[in-house]
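Colleague: Questions regarding the structure given below will be posed in turn.
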Amino acid sequence: MSIANAKEVMIEAAKKGYAVGAFNITDLLQFEAVIDAAIETKSPVMVQTSVKPSQFLGRDIMVAIYRTLAEKAPVPVVLHLDHCTEIDYCKKCADAGYTNIMIDASKQAFEENIRQTKEVVDYCHSVGNISVEGELGTVGGVEDQIKVAEDEAQLANPEQSVEFVERTGVDIFAPAIGTAHGVYKTKNPKIDFERMATIHKMLNGGGIKTPLVVHGGTGLPEDYIKKLLAAGGAKFNVSTELKHTLIDAKYEYISAHRDEYDPGKIDKVVREATKKAVIHWMGMLESVGKA
Ligand code: 13P
């Protein structure tokens, strides 16, 4: 049985200097492909759903798929709710069986972010072995229902990060350091590696307690990924890349086989393409063979 929460797998990763890939999925094929990739590479893994897909398919269905696939996987698998801005929906997903919940109150003022995050932390910890991710500062770009203008993006302040973690009790922490959701508009995005390393040192210098999350994985150059790993990144979120992979794979297959009506063949192509993309990430994150 490989049901796991994010804090457990990330503490292990941070101690050993690798990171866990966290992949946003919208359907069963992607769900299977991500877990297949984890099994094939012997990597711990996190499957994430944004709020919209979890509402569209239904959180109970997501959890049922998760349990069915994770329980027979010989590697740890986390089910994470990504960027949820509604406290009630966070609680519903915790009740349903998600093992990690992200309350994203990062658009609120500092005190209100603390209040909302703490409410979700207290609830999740009372329900069971459910860890919680909080965010400070704003990650640029677009993810699910949350849109943040580039010029609105603010980076996390290190002292406030420590205060936020202490007062909320979050298990894992996502500081805004300049990464963005979606496709980067430049080849060399401006990422504040030093800020990440400082926050990591302040929180985890005396031993890993609150591992750090990197949002906006899609399009990050590999040398940036390595620098972020060294600076304490223990979870890397990847969403847009898998959406592109799914749509491109379907489009290419259908365009080349316009007279064929066999959904199973399209599904196979999507599943293989997704698995390949995830395996590539696991190599970059150095999680291969760690589970
Ligand atoms: P990308 O869509 O840029 O990969 O970002 C994913 C993410 O951070 C989800 O929380």
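Colleague: Within the stretch 259-275, track down each residue that is of a type in the set (Lys, Arg) and within 18 Å of the chain's Cα centre (by Cα). Full working, then the answer.
Modeller: Kept after step one, since they are of a type in the set (Lys, Arg), are these residues of the stretch 259-275: 265, 268, 271, 275.
Answer for the stretch 259-275, where residues must be of a type in the set (Lys, Arg) and within 18 Å of the chain's Cα centre (by Cα): just Lys275.
Colleague: Can you go through Asp192, Asp171 and tell me which one is of a type in the set (Asp, Glu), in contact (Cβ under 8 Å) with a residue 24 or more places away in the chain and buried (at least 19 other Cβ atoms within 10 Å of the Cβ)?
Modeller: Working: Asp192 fails: buried (at least 19 other Cβ atoms within 10 Å of the Cβ).
Answer to the selection: Asp171.
Colleague: So which pairs qualify, if the first residue must be in the stretch 228-247 and within 16 Å of Ser50 (Cβ to Cβ), the second must be more than 13 Å from the ligand (Cβ to nearest atom) and among the charged types (D, E, K, R), the Cβ gap must be under 9 Å, and the two must be at least 6 apart or on different chains?
Modeller: Leu246/Asp27
Colleague: Looking only at the stretch 219-233, filter to residues that are within 13 Å of the ligand (Cβ to nearest atom) and open to solvent by less than 20 Å² (accessible area, probe 1.4 Å); which one of those is nearest to Pro175 (Cα to Cα)?
Modeller: Checking each candidate, the answer is Gly233.
Colleague: Take the residues in the stretch 88-112 that are of a type in the set (A, V, I, L, M) and out of contact with any Phe, Trp or Tyr (no Cβ under 8 Å at 6 or more places or on another chain), then tell me which one is farthest from the ligand (Cβ to nearest atom).
Modeller: It comes out as Ala109.
Colleague: Which residues, counting only those in the stretch 234-251, are closer than 17 Å to Pro189 by Cα and not β-branched (Val, Ile, Thr)?
Modeller: Listed by number, the residues that qualify are Phe236, Asn237, Glu241.
Colleague: Can you work out which of the residues in the stretch 234-260 that are touching a helix residue (DSSP H, G or I) at 6+ places or on another chain (Cβ under 6 Å) and among the small types (Gly, Ala, Ser) is nearest to the ligand (Cβ to nearest atom)?
Modeller: Filtering first and then ranking leaves Ala234.
Colleague: Pairs only if they're at least six apart or on different chains, beta carbon under 7 angstrom, first in the stretch 106-121 and under 18 Å from Tyr89 (Cα atoms), second open to solvent by less than 60 Å² (accessible area, probe 1.4 Å) and among the acidic types (Asp, Glu); list them, first residue then second.
Modeller: Ser106/Glu135
The values are calculated or read from the model by the stated rules, or taken from the named source; none is laboratory data. Keep in mind that this is a model prediction, so the values were computed, not measured. Cβ sites come from the backbone with ideal geometry, for glycine too, and all protein chains shown count toward neighbours. Remember, those area values only see protein heavy atoms, side chains included, never the ligands or the DNA or RNA. Shrake-Rupley method; radii C 1.70, N 1.55, O 1.52, S 1.80 Å.
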